[in-house]
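What follows is one structure encoded as structure tokens, with my remarks underneath.
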Amino acid sequence: MLLGEKSFIPTYLKEIFTEAGIMHILAVSGLHVGIIAMALLALLSMLKLPKKLKLFTLISILIIYASITGFRPSVLRATIMFILLIGGKLINRNRNLNISLFFAAFLILLLNPLILYDAGFLLSFIVTFFIINLSPILQELFYKIVVWIKNPLAVSTAAWIGIFPLSAYFFSKVSIISIVSNIFVIPLTGIAVILGFVTFFIGLLSISLAGIVANINYLVLNLLTFIAKSFSSLPFAFIYVAQPSIMVIALYYLTVFFIIEIFYKKILSPKIKKKTTLIVLSVILLIIIVQVFYPADNLKVNFINVGEGDCILIEAPNKINILIDGGGTPQSNFDVGNKIVIPYLRRKGINKINLLVLTHPHLDHLEGLLPVIREFRVDMVLDSGLICDSSEYKEFISIIQKKGIPYHQAKAG
């Protein structure tokens, strides 16, 4: 949580935080930079030092922290923005968050143009843009809600609106509950991060005293985990969605942008507003007509690249999905089911397998099916009936029996 090292976090815990929509607190992000910057500002304000020295000290510490964490896109973005805002304060210039955001993006892309395709880069900048521009509007809409809930709710909702299509594109999974879960989690994350650094620096002087602070932080982290488990266990916590096209994502952001600019910021004349609205609605209607009246309901046969072995997905009309074998890598620890087969199915918006076929029980055909049959609803299994004593095949049969999946052995005739 402090330095972004996630290799020691169990996979199940990562999944819980992801499904609760709060995985970002486990990875070093702009949120962490903001927490550290605010804590340092509060600490430096208590010291009788020249203003310029305080701000220079803050900038230096943020740059050091960014370098320690490996200059991750979100950390670098937040660090550059803070430096620009602090620099503007030094020369008595009014702050402009959008200019700071775009300059940070320009500078990062100048140093590494290929990072434009990085999920972390896109998510960080899009979410920040929406928080800056949409949350003030949402705060006005939520005027009847008490302030201490209204402001966090506006920020969380703005972030969700911004992240929704990108989350669907990169992960084929969208957390619905994250709007609410982040309201509870963000304050606790701030406490945990500050206590983590306090533990580190006190530990340089006294291990026993640092242990006391660490135990307090342990309680905070346990509370965070409990909240994550509670939200992720809700039936509507998250949904799987098909990977949207680039055109659909672009249309989504254009629509939201026009809603913000036209109806709330009122920057266009009524005449231009009507024409622009008509164009946007016409494009949306055209896409709906194409999707509804000209659906792609043809038979498709997909050969999934699983390396060794085979894996074939047949998409028949009426959303009938047939999965034949799942590949496997018996000579390595690579999890072909969780790393290749399941993500492929999720990207296509497939949540149910109507017929799962195992042509023979060798690991290079069976191994990738085990995660699928555990996680997906399967209506029927068709097996070759070949005798096999491997533990993987026994597990395959055991899962079928536990889930009550109709099982048939293929026969001639």
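Of 226, 236, 231, which residue is exposed (fewer than 15 other Cβ atoms within 10 Å of the Cβ), in a helix (DSSP H, G or I) and among the hydrophobic types (A, V, I, L, M, F, W, C)?
Result of the check over 226, 236, 231: 226.
State yes or no: is residue 313 assigned by TED's automatic domain parsing to the domain that holds residue 364 and either modelled with pLDDT of 65 or more or farther than 29 Å from residue 365 by Cβ (or both)?
Criteria met by residue 313.
Report, by residue number, each residue of the stretch 130-154 that is within 20 Å of the chain's Cα centre (by Cα) and more than 23 Å from residue 253 (Cβ to Cβ).
Scanning the stretch 130-154 gives a single hit, 152.
Starting from the stretch 318-342, keep only residues that are more than 13 Å from residue 362 (Cβ to Cβ) and modelled with pLDDT of 85 or more, then list their pairs with residues that are acidic (Asp, Glu) and part of a loop (DSSP other than H, G, I, E, B) whose Cβ atoms are within a distance under 7 Å, requiring at least 6 positions of separation or different chains.
As it stands, the answer is 336/367; 337/367, since those pairs meet every condition given.
Just checking, how many residues over the stretch 140-170 are part of a loop (DSSP other than H, G, I, E, B) and surrounded by 13 or more Cβ atoms within 10 Å (Cβ to Cβ)?
Selection size over the stretch 140-170: 2.
Residue by residue through the stretch 52-97, note down the ones that are of a type in the set (Phe, Trp, Tyr) and over 17 Å from residue 29 (Cβ atoms).
56
Only one residue in 102, 125, 121 is over 23 Å from residue 178 (Cβ atoms) and in the same structural domain as residue 186 (by TED's automatic domain parsing), so which one is that?
102
Please verify whether residue 343 is part of a loop (DSSP other than H, G, I, E, B), assigned by TED's automatic domain parsing to the domain that holds residue 396 and surrounded by fewer than 19 Cβ atoms within 10 Å (Cβ to Cβ), treating the condition exactly as stated.
Against the criterion (part of a loop (DSSP other than H, G, I, E, B), assigned by TED's automatic domain parsing to the domain that holds residue 396 and surrounded by fewer than 19 Cβ atoms within 10 Å (Cβ to Cβ)), residue 343 does not qualify.
Could you list, in sequence order, all residues of the stretch 101-129 that are farther than 26 Å from residue 255 by Cβ and crowded, with 17+ Cβ neighbours inside 10 Å?
108 - this is the single residue of the stretch 101-129 that is farther than 26 Å from residue 255 by Cβ and crowded, with 17+ Cβ neighbours inside 10 Å.
Here is a list: 97, 110. Which entry is farther than 22 Å from residue 158 by Cα and free of Cβ contacts under 8 Å to residues at least 40 places away in the same chain?
The match here is 110.
Yes or no: the stretch 85-96 includes at least one residue that is outside the structural domain of residue 183 (by TED's automatic domain parsing), β-branched (Val, Ile, Thr) and exposed (fewer than 15 other Cβ atoms within 10 Å of the Cβ).
No, the conditions are met nowhere in the stretch 85-96.
Pick from 405, 373, 387, 397: which is in the same structural domain as residue 342 (by TED's automatic domain parsing), surrounded by fewer than 17 Cβ atoms within 10 Å (Cβ to Cβ) and not in a loop (DSSP other than H, G, I, E, B)?
Exactly one of 405, 373, 387, 397 is in the same structural domain as residue 342 (by TED's automatic domain parsing), surrounded by fewer than 17 Cβ atoms within 10 Å (Cβ to Cβ) and not in a loop (DSSP other than H, G, I, E, B), namely 397.
Here are 44, 40, 53: which of them is touching a Lys or Arg at 6+ places or on another chain (Cβ under 8 Å), in a helix (DSSP H, G or I) and either of a type in the set (Ser, Thr, Tyr) or assigned by TED's automatic domain parsing to the domain that holds residue 109 (or both)?
44
In the same structural domain as residue 96 (by TED's automatic domain parsing) and either under 15 Å from residue 21 (Cβ atoms) or not aromatic (Phe, Trp, Tyr) (or both): which single residue out of 153, 116, 166, 138 fits that description?
116
Counting just the residues of the stretch 186-223 that are in contact (Cβ under 8 Å) with a residue 12 or more places away in the chain and of a type in the set (Gly, Ala, Ser), which one comes out surrounded by the most Cβ atoms within 10 Å (Cβ to Cβ)?
192
Residues in the stretch 337-360: is at least one touching a Phe, Trp or Tyr at 6+ places or on another chain (Cβ under 6 Å) and of a type in the set (A, V, I, L, M, F, W, C)?
Looking through the stretch 337-360, at least one residue is touching a Phe, Trp or Tyr at 6+ places or on another chain (Cβ under 6 Å) and of a type in the set (A, V, I, L, M, F, W, C).
Identify the single condition in (1) among the hydroxyl-bearing types (Ser, Thr, Tyr); (2) closer than 26 Å to residue 113 by Cα; (3) not in a helix (DSSP H, G or I) that residue 79 does not satisfy, given that it satisfies every other one.
Just one mismatch for residue 79, condition (3).
The values are calculated or read from the model by the stated rules, or taken from the named source; none is laboratory data. It should be emphasised that the depicted structure is a prediction, and the values quoted were computed from it without experimental measurement. Don't worry about glycine lacking a Cβ; one is built from the backbone with ideal geometry, like all the others, and counts go over all protein chains shown.
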